[in-house]
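Coordinate-derived values only; no laboratory data. Note that the coordinates shown come from a computational prediction; the quantities given were computed from them, not determined experimentally. Cβ coordinates were reconstructed from backbone atoms using ideal geometry, including for glycine residues, and neighbour counts include every protein chain displayed.
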Amino acid sequence: MERGSHALSFACGTLLGAGATGALLYALRRNSQSDTKCCVSTSSTQAKDTSSVPREAPSVSDHAPSKPSKPSDIPDDAPEDCPGVDSNAAGKASTCAGCPNQKLCASGEAKKPDPAVADVKDRLSGVKRKILVLSGKGGVGKSTVSAQLSFGFAAKNMDVGLLDVDICGPSVPRMLGLHGQDVHQSSEGWSPVYVDDHLAVMSIGFMLPNQDDAIIWRGPRKNGLIKQFLTDVNWGPLDVLLMDTPPGTSDEHLSIVTYLQDSALDGAVIVTTPQEVSLMDVRKEINFCRKVKLPIIGVVENMSGFVCPSCAHETQIFAPSTGGAEQMCRQMDVPFLGRIPMDGRVASAGDSGVPLGALQPDGPVSKCIDVVIKAILKETDSKS
Ligand code: ADP
């Protein structure tokens, strides 16, 4: 393995690097043809798909981990009681004897910053606002909110990028009306897929020849793709880059925060429903953000009440039994950005890949989304 790959694995705990663009595209296409549909099992003796692989494509299986990911700064192939690369005992402790990384740790090389951090900074230098969209739980509407916020920013003539980092559940292509589109490569890198002049999108969903393929990847492989999304996508100048992440606090979040550490990341927008079961996880998400020093732009309460279209009676389907997101924000001292009601047209807009305004021009839910957009701009602009 190259030195750069080693540094990456140490910098982000479970990262091992995942090769070049071509290897990923190749692996995705190859897997779609195999019965197993498990990318981790891809053979290392593949031929190169030179039509879509302009660069040297290393073996995909070289980067597959042999064990489940470990948290913190401990690489996957480290001994059980590894002191961690940041420790003064790294490479020198008795437990390090026989570890394949011992020399690297002892030399202090592993502590050096990953060169990808500078590449990401360079690549995103023309992006004014960089925002992660997080949720504690799946199904609370994080991708829906990301999609509708993107449409909303673009409707204000802002140049918007939406990066789908939800590697295993990429719903962004469908929600942006780009289902079945392809990513193209140029000498400048990967070109995002455009909804219109103002809205550019990148997702692993564009790289799957068969949309029903399962992406069964371990942490290092996912992190490798995230790195490529951050270093290789040619966004050009943008007013806002939204990054739709998977639910929870996992490898993907750690790696994206690590890669963006020098890129003036504005912070996180956290999406929740009003119910305590969702808020419980949001509190953890907020603590995660604080731990990794990720600023919190604020919290959006989605599916916040349902107004019956027949009788106009309002029902709290996900009842805010502990006061909902607004109260939690007060308690945890984070901004509350607004609430978006539950409405069948929001779901339909997602399925059809259109802005909500196309189904409900100037309707109450569109106005709620606009409130959230203004609150995000207020928060990000006040800190810039
Ligand atoms: P997540 O990204 O958090 O997993 P999704 O954005 O995929 O969640 O949304 C989950 C489901 O809820 C989808 O079917 C979506 O259409 C629906 N949904 C999200 N927000 C709303 C809303 N405000 N009103 C109605 N349906 C919604």
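Structure values in brief
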read-out: Between the stretch 290-357 and the stretch 95-154, the alpha-carbon center distance in angstrom; value: 26
read-out: Residue (of Val133, Gly161, Ser186) at the positive-pole extreme of the stretch 84-217, dipole from beta-carbon charges; value: Val133
read-out: Subset of Lys103/Lys130; Lys111/Lys383; Lys121/Lys291; Lys128/Lys293 violating a 29 Å alpha-carbon distance limit; value: Lys103/Lys130; Lys111/Lys383
read-out: Paramagnetic label zone (point 7 Å from Cα along Cα-to-C-beta, Lys291; backbone N under 17 Å) in the stretch 117-148; value: 134-137
read-out: Charged-residue dipole, Cβ positions (Lys, Arg, Asp, Glu), the stretch 94-194 about Cα centre, Debye nearest 20; value: 400
read-out: Förster radius 45 Å - calculated FRET efficiency between Ser125 and Thr322 (Cβ-Cβ, nearest 0.05); value: 0.60
read-out: Mean Cα-pair separation over length for the stretch 118-383, i.e. relative contact order, pairs under 8 Å, 6 or more apart, %; value: 25
read-out: Ordering of 353-363, 228-238 by packing [mean C-beta count within 10 Å, highest first]; value: 228-238, 353-363
read-out: Protection-proxy order for peptides 211-217, 372-378, each taking the mean of Cβ atoms within 10 Å per residue, highest first; value: 372-378, 211-217
read-out: Cα-centred dipole magnitude for the stretch 295-384, charges only on beta-carbon of K, R (+1) and D, E (-1), debye, nearest 20; value: 100
read-out: Residue (of Val233, Phe336, Val292) at the positive-pole extreme of the stretch 118-383, dipole from beta-carbon charges; value: Val292
read-out: FRET efficiency for Lys156 and Val307, using Cβ-Cβ distance with R0 set to 35 Å, rounded to 0.05; value: 0.85
read-out: Estimated inter-spin distance, Asp362 and His179, nm [label 7 Å along Cα→Cβ]; value: 3.1
read-out: Distance (nanometres) between label positions extended 7 Å along Cα→Cβ at Asp86 and Ala264; value: 2.6
